[in-house]
Amino acid sequence: MHILTLGLNHQTASIEVREKAVFGPDSIHQALADLTQSAGAAEATILSTCNRTEIYCGQENDDKTRILAWLSEYSGLNQSDLNKSIYHYPNEAAVKHAFRVASGLDSLVLGEPQILGQMKDAFLTASSIGATGKVLNRLFQHTFNVAKQVRTDTAIGVNAVSVAYSGVNLAKRIFTRLSEQTVLLIGAGETIELVARHLKQNKVKHIIIANRSIGKAQTLAKEAGSEAITLAQIPERLQHADIVVTSTASTLPILGKGAIEAALKKRKHSPMFILDLAVPRDVEPEVSQLKDVYLYTIDDLKSVIDENREVRLRATEQAENIIDFQVVKFMRWMRSLESVPAIKSFREGLNDLKQAELERALKKLGNGGDAEKVLKQFARDLTNKFAHQPSQVLKQADIEGNASIISAARKLFNF
């Protein structure tokens, strides 16, 4: 069995490409079924976030062709364009990549903790429908343990930052009195929850949370001490928002140029800061053409995510050492799987040999044969037949001067 990882992320692909390759909650189960049934993957897990889409496979070979063709068909990206953004890692490289991703070493924000939870969710989704097996189950459990060790034994998570944290910091640079602004948060997932938490820490008094499910919005609003509305109410409340932060799983934009333009007129063109953390994007790109609007996407945060980076960079060497050691341990287990069929076949052969000789001995005893003689003959025949094939191979190895086989036999049979 081989492990193959194939994907694209914020380092290799633009947001335009990434949003086409997103697997939403409505499509993930069918995608996993297709992967394991028609794309040649015996086992599969799909990790899809705003910054990356990655496919982890357990398959009989390390050929990426069928998986790449499947991803191209799913996303609508032609393979030529996809090849410019895609990366693939076989076996040991795939294991190391998984460990680095879970530990936050491959994230837009170095050491950010959210990715570990997202990997756990991706694995649970795949395992819940039977898309994983012995190899990926072991890989992800080992991955989670490595990530825990990295966070415990290094300073990679010191002074935690996240995309949400960085977004709020960016807003603080634009609005010197952040606490006095009205903030509209669209969505009620983990990212928006983190944004709301950071806003409260910055003493922002008026926060509005809009979500398709008013129940989820109300739950988050209660925790954040804010107001909850539905998505349908956004047009009437948009004019009051100085800051808009959006992160939903919608496949279509939530905010269009027309809606923003109308809100700006009612605001008498008072500036509006919009941070779109969603992939696919929640805000039409054309909104950036409007005056008095500061529109940032998740890719724009790259220029402001630098706080605490030096401390975390110094911790990466220690983290990489932990990961390298754990990769060796995991690959040792992977190699042990190669011996399982041989051991099984060897034991089955011995059992067949024993059973045949035992039946002969029992038959002799049943015919009145002397028990001691029968047992001695049984032991001789069993020993001779067990030793016959190895003896022949060793004799031939001696004739051919093949010292490696003789050495392996000494180690195998301890003589």
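The values are calculated or read from the model by the stated rules, or taken from the named source; none is laboratory data. These numbers were taken from a predicted model, which means no experiment stands behind them. Please note: Cβ atoms are built from the backbone with ideal geometry, for glycine as well, and neighbour counts cover all protein chains shown.
Right, ILE186: at pLDDT 95 or above, among the hydrophobic types (A, V, I, L, M, F, W, C) and closer than 28 Å to LEU238 by Cβ or not? It is true that ILE186 is at pLDDT 95 or above, among the hydrophobic types (A, V, I, L, M, F, W, C) and closer than 28 Å to LEU238 by Cβ. Entry remark, region 134-183: residues being modelled with pLDDT under 95, assigned to a helix (DSSP H, G or I) and in contact with a Gly (Cβ under 7 Å, 6 or more places away or on another chain) number 1 in total. Is there a residue being within 28 Å of ASN9 (Cβ to Cβ), charged (D, E, K, R) and either within 32 Å of the chain's Cα centre (by Cα) or in the same structural domain as LEU382 (by TED's automatic domain parsing) (or both) anywhere in region 327-347? Yes - at least one qualifying residue is present in region 327-347.
Taking region 171-191 as the range and being touching a residue at least 40 places away in the same chain (Cβ under 8 Å), farther than 14 Å from GLY225 by Cα and among the β-branched types (Val, Ile, Thr) as the test, the residues that pass are ILE174, ILE186, THR191.
If we keep just the residues of region 97-133 that are charged (D, E, K, R) and touching a helix residue (DSSP H, G or I) at 6+ places or on another chain (Cβ under 8 Å), which is nearest to ALA44 (Cα to Cα)? Going through the qualifying residues, I end up with LYS120.
Condition check: under 15 Å from the mean Cα position of the chain (by Cα) and in contact (Cβ under 8 Å) with a residue 24 or more places away in the chain. Does LEU77 satisfy that? Answer is no for this residue. Here the condition is being farther than 26 Å from GLU190 by Cβ, part of a helix (DSSP H, G or I) and in contact with a Leu (Cβ under 8 Å, 6 or more places away or on another chain); of GLU261, GLU236, GLU310, it holds for GLU261 alone.
If you take the residues in region 371-415 that are among the charged types (D, E, K, R) and over 22 Å from GLU348 (Cα atoms), which one is nearest to the chain's Cα centre (by Cα)? This residue is ARG410. Exactly one residue among ALA217, ALA224, ALA249, ALA210 is under 26 Å from the mean Cα position of the chain (by Cα) and of a type in the set (Gly, Ala, Ser), and that residue is ALA249. For region 135-165, filtered to residues that are among the β-branched types (Val, Ile, Thr), under 17 Å from GLN318 (Cα atoms) and under 20 Å from the mean Cα position of the chain (by Cα), the residue that is surrounded by the most Cβ atoms within 10 Å (Cβ to Cβ) is VAL150.
Does THR230 qualify as being in the same structural domain as VAL283 (by TED's automatic domain parsing) and either under 28 Å from the mean Cα position of the chain (by Cα) or at pLDDT below 90 (or both)? Here the answer is no, as THR230 does not meet what is asked. Quick one: is LEU301 at pLDDT 85 or above and of a type in the set (A, V, I, L, M, F, W, C)? Judged against the criteria, LEU301 is not a match.
Does LYS257 satisfy being at pLDDT 95 or above and charged (D, E, K, R)? Yes. For region 237-245, the criterion of being of a type in the set (Gly, Ala, Ser) and closer than 18 Å to VAL168 by Cα is met by at least one residue.
The C-beta contact set for region 12-28 (first residue closer than 23 Å to ASP121 by Cα, second residue in a helix (DSSP H, G or I) and not hydroxyl-bearing (Ser, Thr, Tyr), distance under 6 angstrom, 6+ apart or interchain) comprises ILE15/ASP299; PHE23/ALA31.
Only a single criterion out of (1) surrounded by fewer than 19 Cβ atoms within 10 Å (Cβ to Cβ); (2) under 30 Å from VAL150 (Cβ atoms); (3) basic (Lys, Arg) is not satisfied by ARG312, namely (1).
If you scan region 240-263, which residues turn out to be surrounded by 19 or more Cβ atoms within 10 Å (Cβ to Cβ) and farther than 18 Å from GLU193 by Cβ? The answer is ALA241, ASP242, PRO253, LEU255, ILE260, ALA263. In region 1-22, of all residues being of a type outside the set (S, T, N, Q) and assigned to a loop (DSSP other than H, G, I, E, B), the one that is modelled with the lowest pLDDT corresponds to MET1. All of ILE209, ILE229 fail the test of being of a type in the set (Val, Ile, Thr), closer than 30 Å to THR53 by Cβ and not in a helix (DSSP H, G or I), apart from ILE209.
Residue-wise test of (1) in contact with an Asp or Glu (Cβ under 8 Å, 6 or more places away or on another chain); (2) in a helix (DSSP H, G or I); (3) within 30 Å of VAL135 (Cβ to Cβ); (4) at pLDDT 85 or above.
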{"site": "LEU337", "(1), (2), (3), (4)": "no, yes, yes, no"}
{"site": "ALA342", "(1), (2), (3), (4)": "no, yes, yes, no"}
{"site": "LEU350", "(1), (2), (3), (4)": "no, yes, yes, no"}
{"site": "LYS354", "(1), (2), (3), (4)": "no, yes, no, yes"}
{"site": "LEU362", "(1), (2), (3), (4)": "no, yes, no, yes"}
{"site": "GLY369", "(1), (2), (3), (4)": "no, no, no, yes"}
{"site": "GLU372", "(1), (2), (3), (4)": "no, yes, no, yes"}
